[in-house]
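What follows draws every value from the coordinates through simple rules; no lab data is involved. Note that the structure is a prediction, hence the values are computed from the model and not measured. So basically every Cβ, Gly included, is an ideal-geometry build from the backbone, and we count neighbours across all protein chains shown.
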């Protein structure tokens, strides 16, 4: 893993490496080394899609790394909040409210 990686992602990766080394390897080589680099979608679009899936699935732990990644990839805070609001009608109010609270926490940490 690159040393210039977000410290939260680096800590999560290290914990995964200790627990499930093959999963950590696949995450690095296949997910972030191949899938995220494919030209069919921009990284911005991949980020928005990933964050949408995390809202739908209630993946708050992964939001901690993927919401900041989305911001770095060009998704705006307003777009993340609009996506969360939109998803309330598709994945349920509780998942959207939980995601909005997580976004608030992440935005505060980034400020």
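Couple of notes before you dig in:
- Within the chain, helix-based [θ] at 222 nm, where runs of 4 or more DSSP H residues each add -39,500 (n - 2.57), nearest 500: -23000 deg cm²/dmol
- Max mean-square fluctuation residue, GNM over the chain, Cα-Cα springs under 10 Å, options 20, 99, 88: 20
- Inter-label distance, nm, simple model (7 Å from Cα along the C-beta direction), residue 20/residue 34: 1.8
- Every pair of different Cα atoms in the chain enters the Kirkwood calculation, which places the hydrodynamic radius at 14.6 Å.
- Between 18, 82, 37, the Gaussian network model of the chain with springs among Cα atoms under 10 angstrom shows the greatest mean-square fluctuation at 18.
- Among 77, 46, 38: highest mean-square fluctuation, GNM of the chain, C-alpha pairs under 10 Å: 38
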